[in-house]
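Take a look at the structure below.
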Amino acid sequence: MTAAERAAQASGSKPLTLGPLRRDQNMLHTLSFHAMGTNMELGIWAEPQPPDSLVHDLNDVQAEIQRLEQRLSRFEPASDISRLNQNAGVWVSVHAETLEVLHLAARAFVESEGLFHPALGAQMEQLGYDRSFDVGLDRAESVARRTTAPVPPRLPWTCSAAGQVRLEAGCKIDLGGIAKGWIVEQAAHMLRNRGQQNFVVNAGGDMVCARRKGDAPWSIGIADPAQPDVYVLTLDVENACVATSGTYRRRWRTGRDVRHHILDPRTGLPADSDLVSCTVIHPSLVAAEVMAKVFLILGLEQGRAWMEKVPNRGWAAIRSDGEVTHSWTS
């Protein structure tokens with residue numbers, strides 16, 4: 001963590017915005033596209049090299065992100081997760097990549113004492129989040145104010161040594177942010193394997209920032225939930241991951257009810273703490289994703305106490321009244 005990260009100066013300046021594939025005079029080569037329900041941005045800071053090589057690397061990373069999304073999204077009919085959800089109660093063969101993410105989700109469930117819960121797909125659907133935001137969730141009719149499906153008190157799936165998974169009847173998996181974080185990390189691994197050292201992979205604000213942008217760190221903005229085009233903090237980040245969890249981005253209306261996608265597993269309903277946004281910096285994006293979500297569910301005081309018990313490089317939390325609290329470590 002740099003001194004600039006610890007200071008985290010308030011700023012209205014715009015953070016990292018990469019745009020379509022191009023090469024600017026400062027050697028930042030970029031590509032933007034849509035995946036995982038958000039705007040994806042890839043940026044490589046590289047010394048002059050054959051343009052075709054960079055274009056090839058960026059296009060390959062885009063293809064890999066989209067391939068993994070098709071494997072792990074509950075909205076893709078042929079994905080491993082959809083097949084598990086559609087065949088609860090029987091053994092289903094899944095790919096090794098899916099098993100890896102399920103194991104990561106299981107560990108996060110245990111370490112968070114159940115506050116990170118990757119099997120709330122049924123509850124999400126009952127609240128109206130039954131299709132991708134790309135299609136649109138708003139609808140005129142209301143859905144039940146309280147869910148009827150009980151939240152599983154433990155993880156409702158079993159993995160076999162043969163690469164099969166059996167999901168308990170009545171349950172559905174929703175890997176959500178942990179799958180997104182893992183996919184972004186795989187994209188970063190691919191770029192490193194291609195010899196790239198200074199780059200960023202950004203999935204709607206959840207990102208891996210590898211090394212530096214030339215002589216400077218990567219500049220990352222934290223949006224004001226009330227004014228998403230305004231940034232309440234700008235962080236200088238190098239060689240770290242950033243994850244933000246918020247109740248203000250993925251919202252939908254069912255009848256007269258407005259809902260969001262961060263569910264509190266203690267109730268099965270959208271989280272109702274005093275926080276609307278939480279950002280965590282950590283060496284692992286998967287870990288940062290989990291921490292940001294748990295922090296938001298717990299609220300400022302309990303979340304701050306919880307963060308003191310887990311390794312991290314810093315965090316910033318925004319309350320519903322607009323107050324910003326942050327803490328940075330060395």
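Could you check the stretch 154-168 and list, in sequence order, the residues that are polar (S, T, N, Q), loosely packed, with under 14 Cβ neighbours inside 10 Å and over 19 Å from residue 116 (Cα atoms)?
160
Picking from 83, 74, which residue would you name as being modelled with pLDDT of 95 or more and basic (Lys, Arg)?
Values: 74 fails: modelled with pLDDT of 95 or more.
It is 83.
Considering the stretch 185-207 alone, what residues qualify as being in contact with a strand residue (DSSP E or B) (Cβ under 6 Å, 6 or more places away or on another chain) and at positive phi? Working first, answer last.
Start the filter on the stretch 185-207 by keeping residues that are in contact with a strand residue (DSSP E or B) (Cβ under 6 Å, 6 or more places away or on another chain), which leaves 187-188, 191, 196, 198-207.
Within the stretch 185-207, 204, 205 meet the criteria.
On the given criteria, is residue 298 in contact with an Asp or Glu (Cβ under 6 Å, 6 or more places away or on another chain) and modelled with pLDDT of 95 or more?
no
Could you pull out the residue among 68, 127, 84, 99 that is buried (at least 21 other Cβ atoms within 10 Å of the Cβ) and closer than 17 Å to residue 165 by Cα?
Working: 68 fails: closer than 17 Å to residue 165 by Cα; 127 fails: closer than 17 Å to residue 165 by Cα; 99 fails: buried (at least 21 other Cβ atoms within 10 Å of the Cβ).
Every option except 84 fails the conditions.
Take the residues of the stretch 208-232 that are without any contact (Cβ under 8 Å) to a residue 40 or more places away in the chain and in contact with a strand residue (DSSP E or B) (Cβ under 7 Å, 6 or more places away or on another chain): which is surrounded by the fewest Cβ atoms within 10 Å (Cβ to Cβ)?
Among them, the one singled out is 210.
Against the definition (among the small types (Gly, Ala, Ser), out of contact with any Asp or Glu (no Cβ under 9 Å at 6 or more places or on another chain) and surrounded by 17 or more Cβ atoms within 10 Å (Cβ to Cβ)), how does residue 205 come out, yes or no?
Answer is yes for this residue.
With (1) touching a Lys or Arg at 6+ places or on another chain (Cβ under 7 Å); (2) under 29 Å from residue 57 (Cα atoms); (3) of a type outside the set (A, V, I, L, M, F, W, C); (4) at pLDDT below 90 as the list, and residue 260 as the residue in question, which single condition is left unmet?
Condition not satisfied by residue 260: (2).
The values are calculated or read from the model by the stated rules, or taken from the named source; none is laboratory data. In this text the structure is predicted, and so the values were computed from the model without any measurement. FYI the Cβ positions are ideal-geometry reconstructions off the backbone, even for glycines, and counts take in every protein chain you see.
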